[in-house]
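Student: This is the structure I want to talk about, given as structure tokens.
Read the figures in this text as sums done on the coordinates, not as results from a lab. As the structure is a computational prediction, the values presented were derived from the model and not from experiment. Ideal geometry is used to build each Cβ from the backbone, glycine not excepted, and the neighbour counts take in all protein chains shown.
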Amino acid sequence: MARAAQTARSERTREALRQAALVRFLAQGVEDTSAEQIAADAGVSLRTFYRHFTSKHDLLFADYDAGLHWFRTALEARPAGEPLIASVQAAIFAFPYDVSAVAKIATLRSSELDPERIVRHIRQVEADFAAAVEARITGENTPASAGLGSVDHRLGVKVTARCIAAAVFGAMEVWMLSADRSLAELARLCRAALASLESGLETGPADSNVLS
């Protein structure tokens, strides 16, 4: 219980820092904003700031980090036995997106950061997303019933999880480069990517039960 309360406090602090940073960044720019200002606006010490973020620039990826945390929690809560693609899709769209904030922070990222840094961070988030999907797959199966100990099954799980992550992040990349950056368009692209992937993976993995 104590750990759960500590985790909740930590997440509230991270969210306060994310919100404070976004307000400052939009008002005066990233380079003219200091970590001290963000910490003060969030009502925490500079030491607490650095306990959660290594630099102010990390806060330019806060929307991804918040979304990933929400995705993990929502995916874990999906009903047992639900088809994997359906679970992933439901978990993605359970996130309470602030479309305006997402668009603004995406613009700040592109204007303030080196493209290689953006790509590196997004690839890490994509890997974490795949790990959450993999945990969902393995959590619904037992070694006795699904052969989790077999090399072929483990390969099927990893390939499936990484393909799903690639499809979702591919849709996001297309969305960020398109003229229509509405939430409805993002939803459409994600659904299209997952539907296309599902039809191709149904007979692909070594274990035919991975997607169901």
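Student: Within 10 Å, count the other beta carbons around each residue, average over each peptide in 51-57, 176-182, and list them highest first. Could you put the intermediate results ahead of the total?
Tutor: Details: 51-57: 15.7, 176-182: 11.1.
Sorting 51-57, 176-182 by mean packing, highest first, produces 51-57, 176-182.
Student: Within a 10 angstrom radius of the beta carbon, how do Phe95, Phe71 rank from fewest other beta carbons to most? Working shown, then result.
Tutor: Details: Phe95 16, Phe71 20.
The most exposed by this proxy come first: Phe95, Phe71.
Student: Mind sorting Asp63, Asp41 by how few other Cβ atoms lie within 10 Å of their own Cβ, fewest first? Walk me through the intermediate numbers first.
Tutor: Values: Asp63 21, Asp41 16.
The most exposed by this proxy come first: Asp41, Asp63.
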